[in-house]
2 protein chains.
Amino acid sequence: MKVPLPAAPAADAILMAERLKRAAGCVDDALDALLSGLSLEPRLVAAMKHGTLAGGKRVRPALVLETAALFGPPASGLVEAAAALELIHAFSLVHDDLPAMDDDALRRGQPTVHIAYDEASAILAGDGLHALAFALLSGGQTAELDPALRLDLIDALARGTLSMISGQMRDLAAEGRFATERPALTLEGVVGIQSEKTGALIAAAVDIGARIGGAGQDERRALGDYAARLGLAFQISDDLLDIAATAEEAGKATGKDAGAGKGTFVSLLGEDGATARLEEEIAAGLAALARLPAPAPFHAWLIGEMKGRRR
Amino acid sequence: MKVPLPAAPAADAILMAERLKRAAGCVDDALDALLSGLSLEPRLVAAMKHGTLAGGKRVRPALVLETAALFGPPASGLVEAAAALELIHAFSLVHDDLPAMDDDALRRGQPTVHIAYDEASAILAGDGLHALAFALLSGGQTAELDPALRLDLIDALARGTLSMISGQMRDLAAEGRFATERPALTLEGVVGIQSEKTGALIAAAVDIGARIGGAGQDERRALGDYAARLGLAFQISDDLLDIAATAEEAGKATGKDAGAGKGTFVSLLGEDGATARLEEEIAAGLAALARLPAPAPFHAWLIGEMKGRRR
């Protein structure tokens, strides 16, 4: 008698990772075509491409695609909406990496835009990616979607972007960058900062997917709760990764957050406490998904993966 | 017998200047209310206010309001569309003033955002103003406008913003900032740069006003031609102002463009040549306005004022 292998979960994980890769490939193609078709100053386009096409898991656009897919076959304009999310994410990374901000020379193992080009080009490339996201949603490429829906998507994206920017400012303040107004580092404060900084755009991605898919109010609420948990799980796992990884493994400078005296889940809860909190967030995210009328295997896998990132 | 005074033109000019001030006041109020109502990190909001509310003639929003007014009474959402234009303009100034860009410490006689706050705050404030412009056009405040029209406005604004950013990159390249690729300084090149850098947002302002007003194709074309002339006239008069004004009068560092070895209308055409070209642009702008079915006294006055800026 053969010993049965635990084949099902492993096969599922492979399948889901494959789905994430497929979504990423699809969005990468759309972004490449979009950026290559721009009639703008070539140095600007090159710097925008460097900030967008140099890898990345494409979690946010995958959430747009997979959330819409929960409610039906892909609508026209869906890939463009997913690409718009990634453009906003890319713009935020290009600006966050600047010397005046987080001062990072490496991202995904590659030189950041201000290193590969220069600071002025990085500022403008970030600005260009930001504007392009809105041009993409308002222009011809998403024209088959209902105009009122398109406005809702733009509104969700603009609001998510504002929250993300606000969260980045709060994060810098929490680091003590603005000497006179360093807030006390409480767990509540860190949750608040990360909900804005990381959570808002993840929430926007899920909500934009849900709106395009035509989700009802209850479904959008359940997905919103899931997205909030996913955002926190993502950040906690990032904090854990930050203490665990070597610079080589992570492809970027690590141990920096602790060095900056920044409040993180790990500095406030300890490694074990942060791991426990991560598991709580994952469980709560899965519970939110259970309120949906049908299973959401990709979403369940993705939030579970936040544990797997800890190497 | 009394000698008749040339009362009409002078009175007109006063009236038009009053209209510009009224438009500015109206947009300032809208911007102040909008920014004060934001639930974002207070330092971010304060830096965004500093970059927006510290003066400025509000030419772009006035163009939105006055262009729409050519075609009928003010529509709901018009002031918000005008404010969105100013938010994009303000974001571009905050970023252009950064040390890595034009490195200006003064703007309108006040410390620039990165001086009053710091570089990181200025980068984020610019990003916040940028996102807020799109949130304003897609959110509830312009809800009474037709959704398809609102999408057109967002598209026009996003495209104008992209061109403006591209023009700024070309301008830095023309300064020789990126040593390997300094283009030859031709008049055609300078016209091209300025049409993007200054012209695109002025054109977007006029077109957005025309679309809200319900202008027809011919009227939009005439106004587009006017806007292109106005943008160039504005830039030529800026170049002339740059050599003529003292730092105190202009409220910002002057003579900088010439110092940077930058191609300007003055460096390429000389002061007299640039003045002649300015007059040509004004005449062509007035000719474009003459193609409209009714007079456009504000627009005619505004382009004529480009001469008056030379003190």
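Values in this text are rule-based calculations from the coordinates and carry no lab data. Model, not experiment: these values are computed from the prediction. Here Cβ is always computed from backbone atoms with ideal geometry, including for glycine, and neighbour counts include all displayed protein chains.
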For the range B:54-65, Karplus couplings with θ = phi - 60° (6.51, -1.76, 1.60), whole Hz, Gly/Pro x: 8, x, x, 7, 6, 5, 5, x, 4, 5, 4, 5
Averaged over A:95-101, number of beta-carbon atoms from partner chains that fall within 10 Å: 5
For A:274-285, mean number of other protein chain Cβ atoms within 10 Å: 0
Selected from B:A100, B:A204, B:A75 as most flexible by GNM, with chain B as the system and alpha-carbon contacts under 10 Å: B:A100
Listed residues A:A133, A:A83, A:A158, most fluctuating in chain A (Gaussian network, C-alpha, under 10 Å): A:A158
Percent RCO, i.e. relative contact order, over chain B, from Cα pairs under 8 Å lying at least 6 residues apart: 19 percent
7 Å along Cα→Cβ, label-point gaps from A:A54 to other copies, nm, shortest first: 3.2
Computed [θ] at 222 nm, deg cm²/dmol, the protein assembly as shown (DSSP H ≥ 4; -39,500 (n - 2.57); rounded to nearest 500): -23500 deg cm²/dmol
Segment A:R221-A:D103, extension gain: residue separation times 0.36 nm, minus the distance between their alpha carbons: 38.8 nm
Cα→Cβ-extended label distance, 7 Å offset, between A:D272 and A:D12, nm: 3.0 nm
Alpha-carbon radius of gyration plus Dmax, which is the widest Cα pair, for the protein assembly as shown in Å: 25.8, 125
From phi via Karplus (6.51, -1.76, 1.60), per-residue ³J(HN,Hα) for the range B:115-123 in Hz, x at Gly/Pro: 7, 5, 10, 6, 4, 4, 5, 5, 4
32 Å Cα-Cα threshold exceeded, pairs from A:K197/B:K21; A:K307/B:K49; A:K197/B:K49; A:K197/B:K57: A:K197/B:K21; A:K307/B:K49; A:K197/B:K57
Shielding of B:132-141 by partner chains, average beta-carbon count, 10 Å: 6
Interchain or long-range residues, amide H under 5 Å from B:R107's placed H: B:T112
Axis-nearest residue in chain B [Cβ, rotation onto A], distance in whole Å: B:P147, 2
Estimated D of chain A in µm² per second, where Rh is the Kirkwood radius over Cα pairs and Stokes-Einstein applies at 37 °C, 0.692 mPa s: 164 µm²/s
Cβ-vector label at 7 Å, A:D29, separations to other copies in nm: 5.4
Derived scalar couplings ³J(HN,Hα) [the range B:136-143; Karplus, 6.51 cos²θ - 1.76 cosθ + 1.60; whole Hz; x for Gly, Pro]: 5, 6, 9, x, x, 5, 10, 4
Label distances, nm, B:G176 versus same residue in remaining copies, Cβ-directed 7 Å point: 4.4
Within a Gaussian network of chain B (alpha carbon springs, distance under 10 Å), most fluctuating of B:L38, B:L53, B:L78: B:L38
